[in-house]
Amino acid sequence: MKTSKMTIALTVAGLILLVLLAGGYNLLRAGAEAPAVGTPAPDFTLTSQEGKAVALSSLRGQWVVLYFYPKDFTTGCTIEAHNFQRDLAEYEKRKAVILGVSVQDADSHKQFCAKEGLNFKLLADTSKEVSEKYDSVMNLGVAKLSARHTFLIDPKGVVRKVWLDVDVKKHSEEVLAALDELQKKS
């Protein structure tokens, strides 16, 4: 009897590992309760890589690209950050700021920005409170990380676009296209 329970446990653990290795971590995250388009973006204050408090409400009057990402120094997160950095001038032309959020601390973000040449703010959500407000938490069992979600917030603080399934290679271009479309309408 013990052998079959152990076999089942190992099989389940193996399946979870295969899903994770295949990039299927999206299956282990939330998103169903994420702030919906047309609703006010939940306000927050978090510390940036510069050690300064950043409040979402202080950015009213600008568009905000609020993106959650799992972890500094990982391949997908580095690609996503590099693409936002590459397009930073385009965001500035559109009066949009980029805020990256993950559960690492401000020191990790500072090192990540220095190593990767990032000039936008990365915010430390070590308590996971903001990631939870945005239903952007992956529960990996032994660890909870921010899920790869993005919210485009208008100058009045209203969510205008939500991405719960992000392809890091083309995401910045998708966000810029959505920003252009939304700005034409307003």
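The values are calculated or read from the model by the stated rules, or taken from the named source; none is laboratory data. It should be emphasised that the depicted structure is a prediction, and the values quoted were computed from it without experimental measurement. In this analysis, Cβ positions are derived from the backbone assuming ideal geometry, glycine residues included, and neighbour counts consider all displayed protein chains.
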*Quick check: anything in region 119-130 polar (S, T, N, Q) and either at pLDDT below 95 or crowded, with 18+ Cβ neighbours inside 10 Å (or both)?*
no
_Against the condition surrounded by 23 or more Cβ atoms within 10 Å (Cβ to Cβ) and either over 20 Å from VAL175 (Cβ atoms) or in contact with a Cys (Cβ under 8 Å, 6 or more places away or on another chain) (or both), how does TYR69 come out, does it pass?_
yes
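Please report, ordered by residue number, the strands (runs of 3 or more DSSP E) entirely within region 42-84 with at least 1 residues that are modelled with pLDDT of 95 or more and under 13 Å from the mean Cα position of the chain (by Cα). Lay out the reasoning, then the answer.
On the way: elements: 45-48, 53-55, 63-68.
Strands (runs of 3 or more DSSP E) meeting the threshold: 63-68.
Return the residues of region 122-134 that are β-branched (Val, Ile, Thr) and either outside any loop (DSSP other than H, G, I, E, B) or outside the structural domain of LEU99 (by TED's automatic domain parsing) (or both); say none if nothing qualifies.
Within region 122-134, VAL130 is the sole residue that qualifies.
Within region 130-177, which residues are small (Gly, Ala, Ser) and over 15 Å from LEU88 (Cα atoms)?
Within region 130-177, SER131, SER136, GLY141, ALA143, SER146, ALA147, GLY157 qualify.
Does region 88-99 contain at least one residue that is in a loop (DSSP other than H, G, I, E, B) and closer than 19 Å to ALA41 by Cα?
Within region 88-99 (the criterion being in a loop (DSSP other than H, G, I, E, B) and closer than 19 Å to ALA41 by Cα), the answer is yes, since at least one residue qualifies.
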*Have a look at ALA96, ALA89, ALA114 and point out the one that is in contact with a Phe, Trp or Tyr (Cβ under 6 Å, 6 or more places away or on another chain) and farther than 14 Å from VAL168 by Cβ.*
ALA96
